[in-house]
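The values are calculated or read from the model by the stated rules, or taken from the named source; none is laboratory data. These numbers come from a predicted model, not from an experiment. FYI the Cβ positions are ideal-geometry reconstructions off the backbone, even for glycines, and counts take in every protein chain you see.
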Amino acid sequence: MSPAARGPANGSDYALSVTVSPGGSRVFVTGSSQGAGSGYDYATVACSAATGARLWVQRYNGPGNSYDVATSLAVSPGGTQVFVTGISLGRATGFDYATVAYRP
């Protein structure tokens, strides 16, 4: 893996779910990536299906600033939103689930 594909901590990064946009032009991958000082974060990447070029990267660091692992993602039928869900360690609540939405 090239350094450009690694997370900010240059640590372990795991892909756990992949899906394609309704029109087939974009591929979305999500999982977990070590952040710089934030433990593991959700990491979601959008790529061009035709070229593999990275289009955008989004990270989610939950309120516990610790262990966040995205386990699944879906794209809305119109392709206007990407939903990512998984496990997020809260400050005082232990393990919770968290779902975030992005506009690709």
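Odds and ends about this structure:
- Among the residues listed as S12, S48, S66, S38, the single one being over 10 Å from the mean Cα position of the chain (by Cα), of a type outside the set (A, V, I, L, M) and closer than 14 Å to P104 by Cβ: S48
- Selected residue (only one of V45, V84 is closer than 18 Å to D13 by Cβ, without any contact (Cβ under 8 Å) to a residue 24 or more places away in the chain and β-branched (V, I, T)): V45
- Leading residue by the ranking (modelled with the highest pLDDT) among those in segment 1-18 that are in a helix (DSSP H, G or I) and either closer than 26 Å to L89 by Cβ or aliphatic (A, V, I, L, M) (or both): A5
- Yes/no for V75 being β-branched (V, I, T), within 18 Å of L16 (Cβ to Cβ) and within 12 Å of the chain's Cα centre (by Cα): no
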